[in-house]
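To start, the structure under review is shown below, and the notes come after it.
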Amino acid sequence: MQESKRSRVFILPILLVLFTMLVSACGSAGNNSGSTAMAPPDKQVLRWPDVAIDDFGTLDPALGQDGADIFPMNTIYTSLVQLDDNNTVKDQLAASHTVSSDGMTYSFTLRPGLKFSDGSPLTANDVAYSINRAIDPATKSPVSYYLNLIKDYDKFQAGKLKTVIGDSLIVKDDTHLDIVISKPAAYFLQAMTYSTSRVVNKKLIDKYGASWTDHLGEGAGDGPFKVSSYNHNKGLELVPNTNYYGPQPKLQKLEILFSGDIDTSYKAYLSDQYDVATSVPAASLADALQRKDVHSYPALTIYYLSMNYMAKPWDDIKVRQAFAVALNRDLLVQSVLKGTGYATNHIDPEGQPGYYKDLKSADGTTSTKGNPDLAKQLLQQSSYGSASKLPPITLTYVSGSTARNSLVTAMIQQWKDVLGVDVKLATAERSKMTQLGSSTVGSSGPLSLWFDGWGADYPDPQDWLSTFFDKGSGYNSANYGQNNSPNAAQQVAVQKQLQQADVTLDPTKRMQLYADAEQKLINDVAWAPVYQAKTYMLINPKLHGYADNPLGIVAPDDWADTYFTE
């Protein structure tokens with residue numbers, strides 16, 4: 001999630017404990033008002049801030065990749081399977097499913113009587129249409145990769161097939177659908193929980209074409225809420241979907257509002273303009289921790305630097321390593337994030353299955369303090385030889401808070417002090433940054449060096465390693481394995497190892513393959529991880545039932561137990 005997808009502009013990192021322990025420890029945010037009696041209907045309005053955006057990038061689940069977009073989409077649409085509070089895959093639109101003995105065919109039985117929010121029937125044909133549309137090259141989905149296990153996905157993308165309906169998406173009748181995949185994969189159902197599999201109403205797309213998401217109130221989705229209004233300058237207003245197949249939400253209105261940057265949004269919460277502060281500015285953390293309405297939970301989120309292999313000087317591995325090793329992550333976290341952070345060298349976050357605790361940094365140690373002497377040597381040994389011979393370098397990032405600005409400023413100061421390199425800064429709004437990343441895949445630009453964050457879509461190494469670095473991935477903006485650098489062949493070998501891990505069903509062997517591949521990726525500076533995040537939120541004490549979890553997910557049926565108390 002480049003701070004994309006489910007990531008909610010997480011700011012403050014902290015050491016995470018084991019995922020299973022976290023899940024058991026995480027629970028409902030509850031309420032601190034001393035009462036669980038539900039307030040009257042006119043008080044059931046949740047004002048939710050969407051931070052650091054001017055408008056949603058998209059509300060089309062086939063295109064969604066930004067966290068600001070994913071949150072509302074998860075309330076409007078649902079899919080065959082989704083994650084619950086414990087990040088476990090559960091049947092959603094499906095009443096049940098089975099898997100063939102060879103692991104290649106998934107057979108789904110839908111719940112009976114499903115409807116879109118306008119009351120029109122939702123059948124297996126709608127599920128097949130939505131999935132097929134998401135991977136149709138005409139849709140130009142930057143996240144169709146999440147469905148690349150579907151058989152003949154590659155032929156469809158290459159224009160050799162006009163559809164995979166009837167091929168790998170087999171509709172048997174209104175309530176039965178088979179999905180055939182190209183190879184056994186332990187993570188297939190987890191990948192199916194991402195928004196690309198959400199079911200959309202074909203008649204709206206047929207009627208309005210590319211502008212269909214401006215008409216969501218006409219029956220676009222099937223989730224617990226439906227759109228009552230959408231203002232591109234203010235945000236979304238949602239109300240309960242009376243045709244939802246699950247338990248009805250108790251909230252009578254959910255307002256998702258564009259709220260300015262993190263600092264502005266936080267102050268607005270304190271003045272009772274919102275019911276949630278989704279992030280706490282670093283400078284305000286000490287005060288926030290004294291409040292009764294503060295909530296914190298570990299986030300499977302990594303903030304990292306990425307370098308484009310197709311742009312100079314990043315085609316030289318020694319330059320990449322010099323920039324990575326020059327950073328004292330401990331100092332960055334202590335000085336900028338006030339010592340509450342967890343500096344990391346890892347791509348795969350701690351607290352997730354597959355975390356490799358013995359992973360070493362690009363300097364061959366587990367230290368996060370950096371190695372300035374080695375950094376200088378690496379730059380001297382590079383094809384450029386010195387800082388003066390490097391081309392101009394610009395670091396691009398999303399400016400969302402004082403802490404973020406201070407962090408990137410501190411990084412470029414460390415590069416100046418250690419390497420003698422002057423790095424310029426450029427900012428981009430969140431949705432623009434996502435577009436820039438997509439445009440950089442297979443190209444020398446527009447991004448060269450950038451700082452971003454990624455939050456897990458599902459707790460599995462595949463979502464981090466293969467998603468970002470495998471051949472053909474829409475998130476491989478670093479162009480790992482698809483460049484002309486001297487070690488490109490080694491990168492291709494790592495990609496093949498990732499592909500092997502993806503289809504290995506033995507869990508122990510699978511995690512070993514991912515761990516070995518992650519070490520090679522770090523050696524190649526495929527990413528230069530900086531820190532792992534923890535979420536700090538303030539929640540209205542009268543809001544009952546909001547569940548904390550490492551992915552920041554609200555499961556669709558959870559809205560039935562989320563309400564304001566007296």
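The values are calculated or read from the model by the stated rules, or taken from the named source; none is laboratory data. All values reported here derive from a predicted model rather than from experimental measurement. Virtual Cβ from ideal backbone geometry, glycine too; neighbours counted across all protein chains shown.
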Worksheet item: Just wondering, is there one or more residues in the stretch 300-309 that are among the hydroxyl-bearing types (Ser, Thr, Tyr) and surrounded by fewer than 18 Cβ atoms within 10 Å (Cβ to Cβ)?
Response: no
Fill in: Residues being aliphatic (A, V, I, L, M), touching a Phe, Trp or Tyr at 6+ places or on another chain (Cβ under 8 Å) and within 16 Å of Lys202 (Cβ to Cβ) - total across the stretch 128-163
1
Discussion item. Out of the strands (runs of 3 or more DSSP E) lying entirely within the stretch 388-490, which hold 1 or more residues that are under 21 Å from the mean Cα position of the chain (by Cα) and buried (at least 20 other Cβ atoms within 10 Å of the Cβ)?
Written reply: 393-397, 449-455
Worksheet item: Out of the residues in the stretch 310-324 that are in contact with a Pro (Cβ under 7 Å, 6 or more places away or on another chain) and crowded, with 20+ Cβ neighbours inside 10 Å, which is nearest to Met433 (Cα to Cα)?
Response: Pro313
Worksheet item: Do we find that Asn328 is surrounded by 18 or more Cβ atoms within 10 Å (Cβ to Cβ), within 30 Å of Ala95 (Cβ to Cβ) and at pLDDT 95 or above in this structure?
Response: no
Worksheet entry | Subset of the stretch 274-299 (residues that are part of a loop (DSSP other than H, G, I, E, B) and either surrounded by fewer than 24 Cβ atoms within 10 Å (Cβ to Cβ) or not aliphatic (A, V, I, L, M) (or both)) | Tyr274, Asp275, Thr278, Ser279, Pro281, Leu289, Gln290, Arg291, Lys292, Asp293
Discussion item. Out of Gly351, Gly370, Gly385, Gly364, I need the residue that is under 25 Å from the mean Cα position of the chain (by Cα) and not hydrophobic (A, V, I, L, M, F, W, C). Which one?
Written reply: Gly351
Item to complete: State whether one or more residues within the stretch 199-215 are under 25 Å from Leu551 (Cβ atoms) and in contact with a helix residue (DSSP H, G or I) (Cβ under 6 Å, 6 or more places away or on another chain).
Response: yes
Worksheet item: If you go through the stretch 347-362 one residue at a time, do you hit one that is β-branched (Val, Ile, Thr) and either exposed (fewer than 14 other Cβ atoms within 10 Å of the Cβ) or out of contact with any Leu (no Cβ under 7 Å at 6 or more places or on another chain) (or both)?
Response: no
Worksheet item: Can Ser182 be described as surrounded by fewer than 16 Cβ atoms within 10 Å (Cβ to Cβ) and in contact with a Lys or Arg (Cβ under 9 Å, 6 or more places away or on another chain)?
Response: yes
Fill in: Total residues in the stretch 324-381, condition charged (D, E, K, R), outside any loop (DSSP other than H, G, I, E, B) and in contact with a helix residue (DSSP H, G or I) (Cβ under 8 Å, 6 or more places away or on another chain)
1
Item to complete: Could you grab the pairs with beta carbons closer than 6 Å, sequence gap of 6+ or different chains, first residue in the stretch 133-151 and of a type in the set (Lys, Arg), second one assigned to a helix (DSSP H, G or I) and at pLDDT 95 or above?
Response: Arg133/Thr139
Worksheet item: Is it true that Thr535 is in contact with a strand residue (DSSP E or B) (Cβ under 6 Å, 6 or more places away or on another chain), surrounded by 21 or more Cβ atoms within 10 Å (Cβ to Cβ) and either touching a residue at least 40 places away in the same chain (Cβ under 8 Å) or of a type in the set (Lys, Arg) (or both)?
Response: yes
Practice prompt. Name the residue, out of Ala489, Ala528, that is over 30 Å from Pro41 (Cα atoms), at pLDDT 95 or above and in contact with a helix residue (DSSP H, G or I) (Cβ under 6 Å, 6 or more places away or on another chain).
Written response: Ala528
Worksheet item: Within the stretch 315-366, which residues are under 27 Å from Asn484 (Cα atoms) and either in contact with a Cys (Cβ under 9 Å, 6 or more places away or on another chain) or of a type in the set (Gly, Ala, Ser) (or both)?
Response: Ala322, Ala324, Ala326, Ser361, Ala362, Gly364
Worksheet item: in contact (Cβ under 8 Å) with a residue 12 or more places away in the chain and either within 19 Å of Gln519 (Cβ to Cβ) or of a type in the set (Lys, Arg) (or both): does that describe Asp348?
Response: yes
Worksheet entry | Count - residues of the stretch 525-566 that are outside any loop (DSSP other than H, G, I, E, B) and either touching a Pro at 6+ places or on another chain (Cβ under 7 Å) or more than 21 Å from Ala277 (Cα to Cα) (or both) | 11
Fill in: Complete set of residues in the stretch 184-213 that are in contact (Cβ under 8 Å) with a residue 60 or more places away in the chain, part of a helix (DSSP H, G or I) and either out of contact with any Phe, Trp or Tyr (no Cβ under 8 Å at 6 or more places or on another chain) or of a type in the set (Ser, Thr, Tyr) (or both)
Ser195, Thr196, Ser197, Lys203, Trp212, Thr213
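Residues are listed down the side, and each one gets a yes or a no for (1) assigned to a loop (DSSP other than H, G, I, E, B); (2) buried (at least 17 other Cβ atoms within 10 Å of the Cβ):
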{"site": "Ala138", "(1), (2)": "no, no"}
{"site": "Phe156", "(1), (2)": "no, yes"}
{"site": "Thr163", "(1), (2)": "yes, no"}
{"site": "Asp167", "(1), (2)": "yes, no"}
{"site": "Val171", "(1), (2)": "no, yes"}
Worksheet item: Right, Asn201: surrounded by fewer than 24 Cβ atoms within 10 Å (Cβ to Cβ) and either of a type in the set (S, T, N, Q) or under 21 Å from Asp50 (Cα atoms) (or both) or not?
Response: no
